[in-house]
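To start, the structure itself, in structure tokens.
The values are calculated or read from the model by the stated rules, or taken from the named source; none is laboratory data. In this text the structure is predicted, and so the values were computed from the model without any measurement. With ideal geometry, Cβ positions are generated from the backbone for all residues, glycine too; neighbour counts draw on all protein chains shown.
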Amino acid sequence: MPSDALDNAKRLAAARAAELVLPGMRLGLGTGSTAKHFVDFVGEKVRAGMDLLCVPTSEATRAQAESLGIPLTTLDATPELDLTVDGADEFDPAFNLIKGGGGALLREKIVASASARMVVITDRSKQVNKLGRFPLPIEVIPFGLGATRRQIEKAAADAGCFGAIDRRVTPAGHVFTTDGGHYILDCAFGEIPHPRRLAEALVAIPGVVETGLFIGLASAIIVADTGGVEILGAL
């Protein structure tokens, strides 16, 4: 899909999700190129007078929301949210997701888990039969990185996953650091035969903070392409 058409598809999905936003909602704001469109739509609703309270999933989303005048809170002050809308790097027929391409997977998962509903907005290119085409991000603490990486390799192999594991770097060649001060390992495992089993094995490793496998969190997925918008699941 050409880049202009791809961006238009993302905007269509975001616009459909914005229809779910109602006055008085406590809303989780996702991170990434598709979620950015959604935050723009939320900003329009706030400017039109809608009363909302929102929790951003990254410092980048926080900055965008603040620039739009969107009222923000924290999960300490508002621990239960009505809805989170976020993007995904991949999704499968069971609504399992891979997220973390933008580096915000930990906060995204915390916010999604605190929400009554998580709705995913995405374009058709992210739809797969089995997760793993997109490298799986794993957030790890810097201390003991070599030992953690070896344990990840073993846990992945036990779950039938093999492939290169690379520490993420920025376009300038510097080590990528998350908002929480952690590193991300991008794992080119290919197809993941048992996503839940892999996720459970990985989070049991002491140096692993969280994985980009989002299992059982999405209640619906809004998918857009040049033909329009399709709703998967129940909004």
Practice problem: Return yes or no: is residue 202 more than 28 Å from residue 38 (Cβ to Cβ), in contact (Cβ under 8 Å) with a residue 60 or more places away in the chain and buried (at least 20 other Cβ atoms within 10 Å of the Cβ)? | Solution: yes
Practice problem: Report the residue count in region 1-44 for those that are farther than 20 Å from residue 75 by Cα, touching a Gly at 6+ places or on another chain (Cβ under 8 Å) and among the hydroxyl-bearing types (Ser, Thr, Tyr). | Solution: 2
Quiz item: What is the one condition in (1) in a loop (DSSP other than H, G, I, E, B); (2) without any contact (Cβ under 8 Å) to a residue 12 or more places away in the chain; (3) over 17 Å from the mean Cα position of the chain (by Cα) that residue 23 does not satisfy?
Solution: (2)
Quiz prompt | Tally, over region 93-111, of residues that are surrounded by fewer than 17 Cβ atoms within 10 Å (Cβ to Cβ) and either among the polar types (S, T, N, Q) or assigned to a loop (DSSP other than H, G, I, E, B) (or both) | solution = 2
Quiz item: Of these, 158, 186, which one is in contact with an Asp or Glu (Cβ under 9 Å, 6 or more places away or on another chain), charged (D, E, K, R) and over 16 Å from residue 92 (Cβ atoms)?
Solution: 186
Quiz item: Going by the structure shown, is residue 114 surrounded by fewer than 22 Cβ atoms within 10 Å (Cβ to Cβ), hydrophobic (A, V, I, L, M, F, W, C), at negative phi and free of Cβ contacts under 8 Å to residues at least 40 places away in the same chain?
Solution: no
Exercise. Give me a count of the residues in region 152-172 that are under 16 Å from residue 103 (Cβ atoms) and in a loop (DSSP other than H, G, I, E, B).
Key: 4
Practice problem: For region 117-136, name all the residues that are among the β-branched types (Val, Ile, Thr) and more than 14 Å from the chain's Cα centre (by Cα). | Solution: 128
Practice problem: Please enumerate the residues belonging to region 138-172 that are closer than 18 Å to residue 206 by Cβ, within 24 Å of the chain's Cα centre (by Cα) and in contact (Cβ under 8 Å) with a residue 60 or more places away in the chain. | Solution: 138, 139, 140, 141, 145, 148
Quiz item: Is there a residue in region 36-51 that is among the acidic types (Asp, Glu), farther than 23 Å from residue 195 by Cα and either free of Cβ contacts under 8 Å to residues at least 24 places away in the same chain or not in a loop (DSSP other than H, G, I, E, B) (or both)?
Solution: yes
Quiz item: If you take the residues of region 117-132 that are modelled with pLDDT of 95 or more and polar (S, T, N, Q), which of them is surrounded by the most Cβ atoms within 10 Å (Cβ to Cβ)?
Solution: 122
Quiz item: Is at least one residue of region 57-66 exposed (fewer than 13 other Cβ atoms within 10 Å of the Cβ) and either assigned by TED's automatic domain parsing to the domain that holds residue 180 or touching a residue at least 12 places away in the same chain (Cβ under 8 Å) (or both)?
Solution: no
Self-check item: Residue list for region 117-137, restricted to those being in contact (Cβ under 8 Å) with a residue 60 or more places away in the chain and of a type in the set (S, T, N, Q)
Solution: 122, 125, 127
